Amino acid sequence: MSATIITITSGKGGVGKTTATANLGASLADLGYRVVCIDADIGLRNLDVVMGLENRIVYDLVDVVEGHCKLRQAMIRDKHLQDLFLIPAAQTRDKTAVSPQDMVRITDELRQESDWILIDSPAGIERGFRNAIAPADLVLIITNPEVSAVRDADRIIGLIEAEEKGPGKLILNRVKPEMVRRGDMLATDDILDVLAIDLIGVIPEDEAILIATNRGTAASLDSKSKAGKAYRNVARRLNGEEVPFEILQANDGFFRRISRIMKPGGER
Amino acid sequence: MKASLSIKGTQDGLLVSIPEGDWGDARPALLQMIDEQTDFFQGARLILQIEQRALRAADLGSLRDALAEREVNLWAVLSSSDVTKIAAADLGLAQQLSKSSSSGDEDVPFETMLYGDEAVLVEKTLRSGHSIRHPGHVIILGDINPGAEVIAGGNVMVWGRLRGMVHAGAAGDESSKVYALDLSPTQLRIAGQIAVSPTRRGRPKPEVAQIREGQLVAEEWQSNRRR
């Protein structure tokens, strides 16, 4: 086995990196793969909470880096899926406790015994972000249909290109088809127009995500959840399957152009 | 020989710059160069750039005679030395080029060469946070996304969508222009003028932005009309 390492990042906080990591991890494990999720947000960990594994933490990523434990000991098995594991972040330390080289070393060790390694990146563009993308084979950029999130995603894509980690692929999260139809939300086409990278998922806004997150389960295991289904589709696309985008086809031109959202501040 | 002589074609004649050093060395070097390339220099009008070197009328006169023997007409002497200026005036030699560029040390290239600053070619899309600064012209093959900026001393040409910030003529050159296939910048600056993009209607068209009568204006690019 040689795992594919995927880093999930966004630049802006609160757009759904951690939720996406948990749901993709569960979806890939549900497809029968062995998946390890790593929380790289040291000092502000929460992937363990979203996956409902907080009370099982004994060792964390920093313990592995500093040699206090074996890698195996820090891997927490998921409650529902036999082949899904979490390596949690340390809550009492900060980003400087881990270097990009440490991340490469740890993931190289994990590569041998897993199919997918998902890294949940912290927000921002500093050390934590660099730690998270250093080992990546593929970077998934997650954004919401709002100008500030798209702007940050653009910045992140630029940084990823500078690190020669490829342009990455885009997940558009929390899309409200109603609002897009009314023209009150940036449309997928407009966002892709600016970011100019491949789309790998469109996740609709879904209450089931919030409910599942608070319960510490993955919405992607809930067959009735629309967002869960969208995450399962992302997992299938990562796996090389051709899966059509449902929401893209619903957008039929009633959207605003990005250029119109920039308000004129004077005359030329 | 230390630094070599340099020759440039100008509309006034051949501009020969003589490097710093003893005139006793420079004069024979100049004559030797002319002797070696008689075909090139024969019948030429010569402009001599001699920096702050002080030459008396006797020096210049003998040089003029030596050049005349080689069928080279000494037309002007450019120098910052007062002694040389007086000497040149006595001999009836011009002391500046007829072009508006009065400073003697300005580079005046061959007519077959394009005049202007150097340009850089950027073959990628500039994303938020990227910044390009260049004293000359900047050509972008790609988009300038919101949050990215280009600051150029000269013109800026964007073969793509301009949605970020561009400052052309950043050193104060009001004749600078900004060209883009889709000119929708968050902000546009030319020299000291600042403007924002008005709401676009319809499909984007190639446009050029420039200062006209003190106003920053953008208009549709028409290749058949000379600007």
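Tabulated values for the structure
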| item | result |
| --- | --- |
| Of all residues making up the stretch B:159-184, the number that are closer than 24 Å to A:Ile160 by Cα and either away from every other protein chain (no Cβ under 14 Å) or part of a loop (DSSP other than H, G, I, E, B) (or both) | 3 |
| Tabulated pairs, the stretch B:203-218, first in contact (Cβ under 8 Å) with a residue 24 or more places away in the chain and more than 10 Å from chain A (Cβ to nearest Cβ), second open to solvent by 30 Å² or more (accessible area, probe 1.4 Å) and of a type in the set (S, T, N, Q), C-beta under 7 angstrom, 6+ apart or interchain | B:Ile211/B:Gln193 |
| Members of the stretch A:25-52 that are under 20 Å from A:Asn214 (Cα atoms) and among the aliphatic types (A, V, I, L, M) | A:Ala26, A:Ile38, A:Leu44, A:Leu47, A:Val49, A:Val50, A:Met51 |
| Which numbered condition A:Ile191 fails, given (1) open to solvent by less than 20 Å² (accessible area, probe 1.4 Å); (2) farther than 25 Å from B:Arg163 by Cα; (3) not hydroxyl-bearing (Ser, Thr, Tyr) | (2) |
| Tabulated pairs, the stretch B:3-24, first more than 14 Å from B:Asn73 (Cβ to Cβ), second open to solvent by 20 Å² or more (accessible area, probe 1.4 Å) and in a helix (DSSP H, G or I), C-beta under 6 angstrom, 6+ apart or interchain | B:Leu5/B:Met33 |
| Within the stretch A:126-149, tally of residues that are in a helix (DSSP H, G or I), open to solvent by 10 Å² or more (accessible area, probe 1.4 Å) and touching a residue at least 40 places away in the same chain (Cβ under 8 Å) | 2 |
| Subset of the stretch A:167-188 (residues that are open to solvent by less than 50 Å² (accessible area, probe 1.4 Å) and within 14 Å of chain B (Cβ to nearest Cβ)) | A:Gly168, A:Leu170, A:Leu186 |
| Any hit, the stretch A:133-141, residues being hydrophobic (A, V, I, L, M, F, W, C), within 10 Å of chain B (Cβ to nearest Cβ) and within 23 Å of B:Gly164 (Cβ to Cβ) | no |
| Elements of type helices (runs of 4 or more DSSP H) contained in the stretch A:1-116, each with 2 or more residues being out of contact with any helix residue (DSSP H, G or I) (no Cβ under 9 Å at 6 or more places or on another chain) and surrounded by fewer than 24 Cβ atoms within 10 Å (Cβ to Cβ) | A:100-111 |
| Residue that is nearest to B:Ser79 (Cα to Cα), among those in the stretch B:25-50 that are part of a strand (DSSP E or B) and either touching a His at 6+ places or on another chain (Cβ under 9 Å) or of a type outside the set (Lys, Arg) (or both) | B:Gln49 |
| Of all residues in the stretch B:135-158 being outside any strand (DSSP E or B) and within 14 Å of chain A (Cβ to nearest Cβ), the one that is surrounded by the fewest Cβ atoms within 10 Å (Cβ to Cβ) | B:Leu141 |
| A:Leu71 being touching a residue at least 40 places away in the same chain (Cβ under 8 Å) and of a type in the set (A, V, I, L, M) | no |
| Of residues in the stretch A:164-180 being in a helix (DSSP H, G or I) and of a type in the set (A, V, I, L, M), the one modelled with the lowest pLDDT | A:Val180 |
| Odd one out for A:Gly228, checked against (1) away from chain B (no Cβ under 14 Å); (2) surrounded by fewer than 21 Cβ atoms within 10 Å (Cβ to Cβ) | (2) |
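The values are calculated or read from the model by the stated rules, or taken from the named source; none is laboratory data. These numbers come from a predicted model, not from an experiment. Please note: Cβ atoms are built from the backbone with ideal geometry, for glycine as well, and neighbour counts cover all protein chains shown. Side chains are part of the model used for accessible areas, which takes the heavy atoms of the whole protein and leaves out ligands, DNA and RNA. Shrake-Rupley method; radii C 1.70, N 1.55, O 1.52, S 1.80 Å.
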